[in-house]
Structures are given as C-alpha cells and as structure tokens.
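Working notes, structure below.
The values are calculated or read from the model by the stated rules, or taken from the named source; none is laboratory data. Keep in mind that what you see is a predicted model, and the values were worked out from it rather than measured. FYI the Cβ positions are ideal-geometry reconstructions off the backbone, even for glycines, and counts take in every protein chain you see. All accessible areas refer to the heavy atoms of the entire protein, side chains included, with ligands and DNA or RNA removed. Shrake-Rupley method; radii C 1.70, N 1.55, O 1.52, S 1.80 Å.
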Amino acid sequence: QVQPVESGGGLVQAGGSLRLSCVVSGNIFRILTMGWYRQAPGKQRDLVAAITAGGSTNYADSVKGRFTISRDNAKNTVYLQMNSLNAEDTAVYYCNTEHEFQWPWGQGTQVTVSS
C-alpha cells in the first residue's frame, strides 16, 4: 500500500532552518498536487503549502515568505524548505495529496523550534 514517508525534522533554535523531504512510490505522484500539512499538539492538521504537477505553489499566510515547497518528479519527492522558524512552527509535518483522494497518512516528521 502506498504511504508517504517523511523525513528531515528535528530540533532547531528560533530563526533556524530545516529541509523536509517526502517520498511517495508510484508513477501517479507526478500528476498530483502535493501538499505539506502540519499538526501541533491539540490542534487539527492544516495545509501549509502545496505544489501542482506543473510547479505552481501556494502557501498558508502563516508561512508565506519563510517556507518554500518544491518537487522532483524523477525522484517522487516533495520538499519543504523552512527558514526563519519560530515556536509556532513546532508540529508534526506530513505530506499527502491536496486532492479529495489521499493516501493513508504516514508517521510524519517532528519539527521542534526552541525559543
């Protein structure tokens, strides 16, 4: 069964940067709009960034100008470059499609920002 595999999280000081990666098996990846989501303790999972098959991007207001989503279809991988991190960015980060169809959620990758 296809399931995204996220990596790259960790503990970082406020103002620091991290780059997350998400690999998904299968050729269908390249035609889908992919998104990075995050879920903080006690909160719902929210979309923070998305990228279409053609490379168009959109971002939640809270991360605009700090986060950059990109993809490498040859590697079935979507990335999230996160700069100027702050404590409010602390969450588990997941990737999945931005369509009504979604794969089972992976384990995500924990990002913790210390202030």
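Scanning region 38-49 finds no residues that are modelled with pLDDT under 95, over 15 Å from E88 (Cα atoms) and either in contact with a Lys or Arg (Cβ under 6 Å, 6 or more places away or on another chain) or among the aliphatic types (A, V, I, L, M) (or both). Given the criteria of a type outside the set (K, R) and crowded, with 16+ Cβ neighbours inside 10 Å, does F67 qualify? So F67 fits the description; yes. Screening E88 on (1) open to solvent by 30 Å² or more (accessible area, probe 1.4 Å); (2) charged (D, E, K, R); (3) touching a strand residue (DSSP E or B) at 6+ places or on another chain (Cβ under 7 Å); (4) touching a residue at least 24 places away in the same chain (Cβ under 8 Å) shows it passes everything except condition (3). Cβ-Cβ contacts under 6 Å between residues 6 or more apart (or on different chains), taken from a first residue in region 9-23 that is within 23 Å of G35 (Cα to Cα) to a second residue that is open to solvent by 30 Å² or more (accessible area, probe 1.4 Å) and hydroxyl-bearing (S, T, Y), are listed as L11/T112; S21/S7; S21/Y79.
If you go through region 17-35 and pick out every residue that is of a type in the set (G, A, S) and either over 20 Å from Y59 (Cα atoms) or more than 17 Å from the chain's Cα centre (by Cα) (or both), you end up with 2.
Note on region 1-46: among residues that are assigned to a helix (DSSP H, G or I) and of a type outside the set (A, V, I, L, M), the one that is surrounded by the most Cβ atoms within 10 Å (Cβ to Cβ) is F29.
One residue stands out in region 103-115 among those that are modelled with pLDDT under 95 and either surrounded by fewer than 13 Cβ atoms within 10 Å (Cβ to Cβ) or among the basic types (K, R) (or both): the one that is nearest to C22 (Cα to Cα), namely P104. The number of residues in region 50-59 being closer than 25 Å to N27 by Cβ and in a strand (DSSP E or B) comes to 4. Among the residues of region 47-62, those identified as touching a strand residue (DSSP E or B) at 6+ places or on another chain (Cβ under 6 Å) and either open to solvent by 30 Å² or more (accessible area, probe 1.4 Å) or of a type outside the set (A, V, I, L, M) (or both) are L47, T57, N58, Y59.
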